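Asks: Take this structure, written in structure tokens, and hold onto it; I'll ask about it next.
FYI, it's all coordinate maths here, none of it is from the lab. Computed from a predicted structure; not experimentally measured. A quick note on method: Cβ atoms are made from the backbone with ideal geometry, for glycine too, and the neighbour counts reach across all protein chains shown.
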Amino acid sequence: MAHAAFDAEAGAAAKPPAADAGAAFVLESKGTWWHAGFHLTTAIVGPTVLTLPYALRGMGWALGLTVLTAVGAVTFYEYSLMSRVLEHCEARGRRHIRFRELAADVLGSGWMFYFVVIVQTAINTGVSIGTILLAADCLEIMYTSLSPNGPLKLYHFIIIVAVALAFLSQLPSFHSLRHINFASLLLSLGYTILVSAACIGAGLSKDAPGKDYTLSSSKSEQTFNAFLSISILASVYGNGILPEIQATLAPPAAGKMMKALVLCYSVIAFAFYIPSITGYWAFGSHVQSNVLKSLMPDTGPALAPTWLLGLAVLFVLLQLLAIGLVYSQVAYEIMEKSSADATRGKFSRRNVVPRLLLRTLYLAFCAFMAAMLPFFGDIVGVVGAVGFIPLDFVLPVVMYNIALAPPRRSPMFLANTAIMVVFSGVGAIGAFASIRKLVLDAGQFKLFSNNVVD
């Protein structure tokens, strides 16, 4: 009954929306399922995988690997449900290419539109800032290894990265990133192999730290650490832009996104488990929030060959540029919708000038924030709890239950409701645990510092 009511109400109000430049230029629908797989893999499989040993540190071997697997299974399920909701709406003449419009249509609430806009904007801007900061940190690592007493500081490298992204950001559409995102997929596999090999070598070397896998003796500390780890896992598996990625598929999109998800999670199965296991095995409770930092300690020799670490850092740097481009697309789409003229060509002077200006200003803002707030490590957990959990763990099951209306006593409806309740609670507690950790580490924080605080 609810299913029919939803279709009737939405169908009565549905009219094909007028073409806008955000849809026509940024979210143009020309891609294949493997292109969507490349986009999705770049959005999920990034250098945040190097925080996974740290996430295991907060839970230990058994619970850590169990939760890593459970969160992976839940996100695959959630993304498949969201794709089905998108296909369901498209089959009824309401093709949605933006997360915010999908949520407002299905949930029938004007405030939900603005909620998704705010959360998506926070995620995308936060990821863009973190991308610029980490890429600059990679450049600084390579620079200081070649010139330990050189004059360049972190903010110089932030400017270099921002200029490179400003140049690449002139690629007009999400679809135009397909070749870059294929290279990104290969780069993620490359540094995963290199870092995992380095961890195995470090764990077997005579300079390896003692292997201690014990958790904190304080039960409250164990609880907070576990929820912080879950928040980190949510941010690692999250993306928050699946509808925009599905929008790049040439219609009809039915069935194509599931193939893209299978491609993406095939990469995830390799790229998440190998560094998690090898990094935690090598360093145990001493592992840092980025396992590369454990391989390159501040005191003593590096625990892996210089060439191997340098190549891994280079691969991370190059992939960060691709991630920055992917997560900027929602911001660019909003800008283009408001500033461009869909009746003119995407490369006309009328549209190129505002694109160049607005995208450059956006990246300049992200670069300024990265230079002012080089405080990356604990922010991963906050972003996961506050941003990715609502968009990727809660809304998909709610929208599925409303749009496709499985019987209220069916296993699917009950499972979806249970996931919504559990992850709403996890998100709330995880946000508290993440912010608590941020406050505890605030003593290390300094505006415009030359060091990235992990």
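Asks: For the chain, what Kirkwood radius comes out of the mean inverse Cα-Cα distance, in Å? Please report the intermediate quantities before stating the final value.
Replies: On the way: mean 1/r = 0.0442 Å⁻¹.
So the Kirkwood estimate lands at 22.6 Å.
Asks: If you don't mind, there's one more thing I want to ask. For an R0 of 25 angstrom, estimate the FRET efficiency from the Cβ-Cβ distance between L308 and Y143 and round to the nearest 0.05. Don't jump to the answer; show the numbers that get you there.
Replies: Numbers: r = 18 Å, r/R0 = 0.73.
With R0 = 25 Å, the Cβ-Cβ based efficiency is 0.85.
Asks: If you don't mind, another one. Multiplying the sequence separation of H179 and S338 by 0.36 nm and subtracting their Cα-Cα distance, what value in nm do you get? Please report the intermediate quantities before stating the final value.
Replies: Details: separation 159, 0.36 × 159 = 57.24 nm, distance 2.76 nm.
Extra length available between H179 and S338 comes to 54.5 nm.
Asks: Obtain the radius of gyration and the Kirkwood radius of the stretch 141-192 from its C-alpha atoms and give Rg over Rh. Don't jump to the answer; show the numbers that get you there.
Replies: Working: Rg = 15.0 Å, Rh = 13.5 Å.
My calculation puts Rg/Rh at 1.11.
Asks: Could you tell me how far the Cα centroid of the stretch 221-296 sits from the Cα centroid of the stretch 150-206, in Å?
Replies: Their Cα centres are 16 Å away from one another.
Asks: Quick query: amide H of L249 versus all other amide H atoms, modeled in the peptide plane; which residues come in under 5 Å with a sequence gap of 5 or more or a different chain?
Replies: HN-HN under 5 Å from L249: G31.
Asks: With angles folded into 0 to 90 degrees, how steeply does helix 329-339 sit against the dominant principal axis of the chain? Use alpha carbons for both and round to 10.
Replies: Once rounded, one gets 50 degrees.
Asks: Sticking with this one: For labels at Y77 and K211 in the simple 7 Å Cα→Cβ model, what's the distance in nm?
Replies: 3.3 nm
Asks: Please report, in debye to the nearest 20, how large the charge dipole of the chain is about its Cα centre when each Lys and Arg carries +1 at its beta carbon and each Asp and Glu carries -1 there.
Replies: 600 debye
Asks: Could you tell me the distance between the Cα centroids of the stretch 19-64 and the stretch 321-375, to the nearest Å?
Replies: About 20 Å separates the Cα centre of the stretch 19-64 from the one of the stretch 321-375.
Asks: Follow-up. Taking every eigenvalue of the Cα gyration tensor of the stretch 85-199, multiplying by 5 and rooting it, what semi-axes result, largest first, whole Å? Please report the intermediate quantities before stating the final value.
Replies: Numbers: eigenvalues 292, 68, 40 Å².
That gives 38, 18, 14 Å for the three semi-axes.
Asks: With each pseudo-label sitting 7 Å past Cα toward Cβ, what's the A415-K30 distance in nm, one decimal?
Replies: Reported label-point gap for A415 and K30 is 3.9 nm.
Asks: Select from A162, V116, T144 the residue farthest towards the positive end of the dipole of the stretch 81-166; place +1 on Cβ of Lys and Arg, -1 on Cβ of Asp and Glu, and compute about the Cα centre.
Replies: V116
Asks: Turning to a different aspect of this structure: As I understand it, the value is the acute angle between the Cα axis of helix 33-44 and the longest principal axis of the Cα atoms of the chain; what does it come to in degrees, rounded to 10?
Replies: 50 degrees
Asks: For the stretch 191-268, what's the radius of gyration and Dmax over Cα atoms, in angstrom?
Replies: 19.7, 58
Asks: While we're looking at this one, here's another question. Given the stretch 62-117, report the % of alpha carbon pairs whose separation exceeds 15 Å.
Replies: Numbers: 907 of 1540 pairs.
So the portion of pairs separated by more than 15 Å is 59 percent.
Asks: Another question, then. Helix 61-91 versus the longest principal axis of the chain: what angle, 0 to 90°, nearest 10, using Cα atoms?
Replies: Tilt of helix 61-91: around 20 degrees.
Asks: Hey, another quick one. How long are the three semi-axes of the equivalent ellipsoid for the stretch 172-302, computed from the Cα gyration tensor as the root of 5 times each eigenvalue, in whole Å, largest first? Write out the running numbers ahead of the final one.
Replies: Values: eigenvalues 249, 77, 29 Å².
One finds semi-axes of 35, 20, 12 Å for the stretch 172-302.
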